[in-house]
């Protein structure tokens with residue numbers, strides 16, 4: 001029963017869908033050797049485009065904005081507001097170290 005429904009669905013799509021009729025040489029078996037060689041000559045090989053490396057400022061921003069740094073910065077601001085300056089300095093040093101390590105790690109990849 002499911003095979004019959006699949007065939008009927010295929011026939012319905014083939015007859016009524018303009019998307020399946022856009023390519024004149026389309027068939028369920030794929031391209032013929034002639035069609036494949038013509039497309040290869042016309043468009044070239046199907047190779048993926050390499051990803052662009054991120055700009056340095058974008059990588060630095062990504063290293064700064066992360067949950068660990070945000071939490072430590074909020075706690076450091078609270079420490080500074082309560083006049084616990086040594087705690088503020090230590091927490092900001094941790095934020096700078098974390099940012100630096102993330103940035104170096106992302107640049108080296």
- request: Report the FRET efficiency, 1/(1 + (r/R0)^6), for residue 107 and residue 50, where r is their Cβ-Cβ distance and R0 is 22 Å, rounded to 0.05.
  value: 0.80
statement: Taking N as the residue count of the range 56-108, its alpha carbon Rg divided by 2.2 N^0.38 Å gives 1.21
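Please give the contour-minus-distance gain from residue 97 to residue 31: 0.36 nm per residue of separation, less the Cα-Cα distance, rounded to one decimal in nm.
Stretched out fully, the residue 97 to residue 31 stretch lengthens by 18.2 nm.
Sorting 58, 29, 102 on the 10 Å Cβ count, fewest up front, what's the list? Each step should come with its number before you reach the end.
On the way: 58 11, 29 6, 102 18.
In increasing order of surrounding Cβ atoms, one gets 29, 58, 102.
Only the coordinates and a few stated rules stand behind these numbers; no lab work does. None of the values given here were measured: they were computed from a predicted structure. Quick reminder, even Gly has a Cβ in these numbers, built from the backbone with ideal geometry, and neighbours come from all protein chains shown.
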